[in-house]
Amino acid sequence: MKETPPKSKPEWLENAIFYQIYPQSFYDSNGDGIGDIPGIINKLDYIQSLGVTAVWLNPCFVSPFQDAGYDVADYYKVAKRYGTNSDLKRLFEEGRKRDIRILLDLVAGHTSIQHPWFMESSKPERNQYTDYYIWTDAHWKWEIPGYRVVSGYSQRDGCYLTNFFYSQPALNYGFANPDPNHPWQQPVDAPGPMRVRQELKSIIRFWLEMGASGFRVDMAGSLIKGDPGNRETMKLWQEIRAWLDVEFPDACLISEWGVPSQAIQAGFHMDFCIPFGMPGYTALLRKAFGPGPGTDPYGFSFFDSRGHGNIMEFLDEYLGHYQKILDMGLIAFPTGNHDINPRISKGRSTTDLELVFLFILTMPGVPFIWYGDEIGMRSLDYLPSKEGGYNRTGARTPMQWSEDTNAGFSTAATEKLYLPIDQAKDRPTVLQQENDPDSLLQRVRRLVAIRKTHPALQGSAPFKILFAHPGEYPLVFLREADQESFIIAVNPFSHSVEAEFPYLSNSVPQTIYGAAAGLIANNNLWKIHLPGTSGGIYRVAKS
Ligand code: NOJ
Ligand code: CA
């Protein structure tokens, strides 16, 4: 494979902090029960008050919503329920005025079955879209090892490959090694795949020219089929990145790949640390909250007050990627997203959550806050599935703004809401937390502000582990830049802990945030004492 080392990244990424918005659940401006783009514009001052610098918006395009918009029927048009293209353009502009960049979701691998390309492609007569999707060459060929196909859909004699649900037919980017026994498998440079590639570029260009700052790319690693090691898919993205570097050098591409060491090499500016691809993420934050050691089939997360987690389950994997990419790209680290249920608040107190934010907001890469996590919104278990959400639905409920009707999300009749709202008496709201200096919201704001003030805590500043042992607490690490060094320590365990680690400096540490821990330098062997469920950021002289 030809290796094209990624070019320098857009400068704004270095201190970026993202906020992810699920448009249908954020704020409903016209009382129809569904969040919309004017609603997001309405809440931009709030978003700005968090200190975040960018927003990733889940798909907002025309769609039958069989998978919440990940089944696009028109890449060039905002879905009516969210507003118009002019509304989206206004969101880009209003965002810029507040130094907030808006990034869209690019569903590159498949469309909806209602996309006009697919409707044409499913016709038996050959036409210009015949090869836009992957069809077997005979209807009865429906057992294709390694793929899922849908049969009997139309009069076209063949089955189509799907990427996810049956309603999401895979676009044809070709096969890395077409099987001669299956002549319907086209090479990546066949005319159909080449045209689909051009369509992808046109979509990217359209929105960047309108003012979008980039894309989160859905299932980015799986465009080309039968592609061992994703080599051809990587080449495809390298080509797109090379083109972007020339035409839109300030735009950012974020992949849903889950293998940062591969995705960054493919040309993405960043890739997500998410359960899909990186089980270490789950080991860190989301293993089941079972009754006790040995009784829980899933084990424990490191961020669990019972203190039975193993930080190495996360760290070994994370460092494996981190050490391969270093300053070539960034790892995006989310508090949660629309696919992860439960939300981060599950089983955690405000102080537990503060520690999670302390960790995420001092790690290298780019932090992503899933809307509502900044106030500790809860997921609603056992909701019926909505728009293909299934078990993900409970993490997608409407934002809780105030004590007004429908938590201030919408003036619609409650039964008309996109999803039900948490009915708990003590449900968190923005308004209540605005008025409480000790609320999670205020703590998150303080942590965001600290990250933004200190380059040592940002994207590519060096990161070094000082104390991490299997089955032990705390976790202690170092972040450094030219001028400053910080020691960061987190103890999610509810009992106090102590740790010793070597560090070549004799300065007196200064507490920037959190527990005024007993952090003592002792002949280059440092000692830290942390009370239960505590952590902090400590400035030290450079080693
Ligand atoms: C990943 C998206 O995050 C998820 O929500 C969606 O269902 C699938 N890709 C299919 O597009
Ligand atoms: Ca609305």
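The values are calculated or read from the model by the stated rules, or taken from the named source; none is laboratory data. Please read these numbers as outputs of a predicted model, since none were measured by experiment. FYI the Cβ positions are ideal-geometry reconstructions off the backbone, even for glycines, and counts take in every protein chain you see. With ligands, DNA and RNA removed, areas are computed over all heavy atoms of the protein, side chains included. Shrake-Rupley method; radii C 1.70, N 1.55, O 1.52, S 1.80 Å.
Pairs of alpha-carbon atoms within less than 8 angstrom and 6+ residues apart define the contacts here; what relative contact order does the stretch 110-170 have, in percent?
On the way: 113 pairs, mean separation 21.7, N = 61.
Averaging sequence separation for qualifying contacts and normalising by length gives 36 percent for the stretch 110-170.
Dipole size in debye (nearest 20) for the chain around its Cα centre, Lys and Arg Cβ +1, Asp and Glu Cβ -1?
Working: 51 positive and 61 negative charges, 60 e Å.
About 280 debye.
How large, in percent, is the carbon and sulfur part of the accessible surface of the chain at a probe radius of 1.4 Å? Walk me through the intermediate numbers first.
On the way: 10730 of 20700 Å².
Of the solvent-accessible surface of the chain, carbon and sulfur hold 52 percent.
I'd like to check one number: the per residue accessible area of the chain, probe 1.4 Å, reported in Å² as a whole number.
Values: 20700 Å² over 543 residues.
Result: 38 Å² of accessible area for each residue.
How do 484-494, 95-105, 521-531 rank on mean C-beta neighbours within 10 Å, highest first? Could the numbers behind the result be given before it?
Working: 484-494: 23.8, 95-105: 19.0, 521-531: 15.7.
In decreasing order of mean packing, 484-494, 95-105, 521-531 become 484-494, 95-105, 521-531.
In debye, nearest 20: dipole of the stretch 316-391 around its Cα centre with unit charges on the Cβ of K, R (+) and D, E (-)? Could the numbers behind the result be given before it?
Values: 6 positive and 10 negative charges, 33 e Å.
The dipole of the stretch 316-391 has a size of about 160 debye.
In deg cm²/dmol, rounded to 500, what helix-only [θ] at 222 nm does the chain give when every DSSP H run of at least 4 residues adds -39500 (n - 2.57) and the total is split over its residues?
Working: 12 runs with 127 residues, N = 543.
That calculation yields -7000 deg cm²/dmol at 222 nm.
How far, in nm, would the chain grow between Trp142 and Ser385 when pulled straight, counting 0.36 nm per residue and subtracting the alpha carbon separation? Write out the running numbers ahead of the final one.
Values: separation 243, 0.36 × 243 = 87.48 nm, distance 2.87 nm.
So the extension gain works out to 84.6 nm.
Find which of Met328, Thr397, Val150 sits farthest along the positive direction of the dipole of the chain, computed with +1 on the beta-carbon of Lys and Arg, -1 on that of Asp and Glu, about the Cα centre.
Met328
Taking H as built 1.01 Å from N, whose amide H comes closer than 5 Å to the amide H of Gly535, not counting residues under 5 places away?
Asn491, Ala515
Grab the eigenvalues of the alpha-carbon gyration tensor for the stretch 113-206, scale each by 5, take roots, and send me the semi-axes largest first in whole angstrom. The partial results should precede the final answer.
Numbers: eigenvalues 79, 51, 32 Å².
Over the Cα atoms of the stretch 113-206, the semi-axes work out to 20, 16, 13 Å.
Let's see if you can work this out: charge +1 on each Lys and Arg Cβ, -1 on each Asp and Glu Cβ, no other charges. What is the dipole magnitude of the stretch 110-170 about its Cα centre, in debye to the nearest 20? Don't skip to the answer; put the middle values down first.
Numbers: 5 positive and 6 negative charges, 19 e Å.
Value, rounded to 20: 80 debye.
Stretched out fully, how many nm does the piece from Leu319 to Glu11 gain, at 0.36 nm a residue minus the Cα gap?
Working: separation 308, 0.36 × 308 = 110.88 nm, distance 2.40 nm.
Length gained between Leu319 and Glu11: 108.5 nm.
Just to confirm my numbers, what's the Cα centroid distance between the stretch 43-87 and the stretch 164-192 in Å?
Taking the Cα centre of the stretch 164-192 as reference, the centre of the stretch 43-87 is 30 Å away.
In nm, give the distance between the simple-model label positions of Thr511 and Ser349, each being 7 Å from the Cα along the Cα-to-Cβ direction.
Using points 7 Å along Cα→Cβ, the separation is 1.7 nm.
Could you order Trp117, Trp370 so the one with the most accessible surface comes first? Probe is 1.4 Å.
On the way: Trp117 25, Trp370 0 Å².
Correct descending sequence by accessible area is Trp117, Trp370.
How do Met194, Met377, Met119 stack up against each other in accessible area, from largest to smallest, with a 1.4 angstrom probe? Write down the numbers at each step before the final one.
Values: Met194 75, Met377 0, Met119 100 Å².
Order by accessible area, largest first: Met119, Met194, Met377.
Over all pairs of distinct alpha carbons, what does the Kirkwood formula give as the hydrodynamic radius of the chain, in Å?
In the chain this quantity evaluates to 24.5 Å.
Determine, for each peptide in 200-206, 404-410, the mean count of other beta carbons within 10 angstrom over its residues, then list the peptides with the highest first. Mind dumping the intermediate values first?
Working: 200-206: 16.6, 404-410: 20.3.
In descending order of packing, they fall as 404-410, 200-206.
Taking R0 as 35 Å, what FRET efficiency do you get between Glu500 and Asp436 from their Cβ-Cβ distance, rounded to the nearest 0.05?
Values: r = 37 Å, r/R0 = 1.06.
Efficiency, rounded to the nearest 0.05: 0.40.
Figure the gain on full extension for Arg126 and Lys80 (residue separation times 0.36 nm, minus the Cα-Cα span) and round it to one decimal in nm.
Net length gain for the segment: 13.3 nm.
What does the C-alpha gyration tensor say about the overall shape of the stretch 440-527? Classify as rounded when a/c is under 1.5, otherwise prolate if a/b is larger than b/c, or oblate.
It is oblate, given that a/c is not under 1.5 and a/b is not larger than b/c.
Just to check I understand the Karplus step: with θ = phi - 60° and J = 6.51 cos²θ - 1.76 cosθ + 1.60, what whole-Hz values come out for the stretch 170-176, glycine and proline as x?
Here the 3J(HN,Hα) series is 6, 5, 8, 9, x, 10, 5 Hz.
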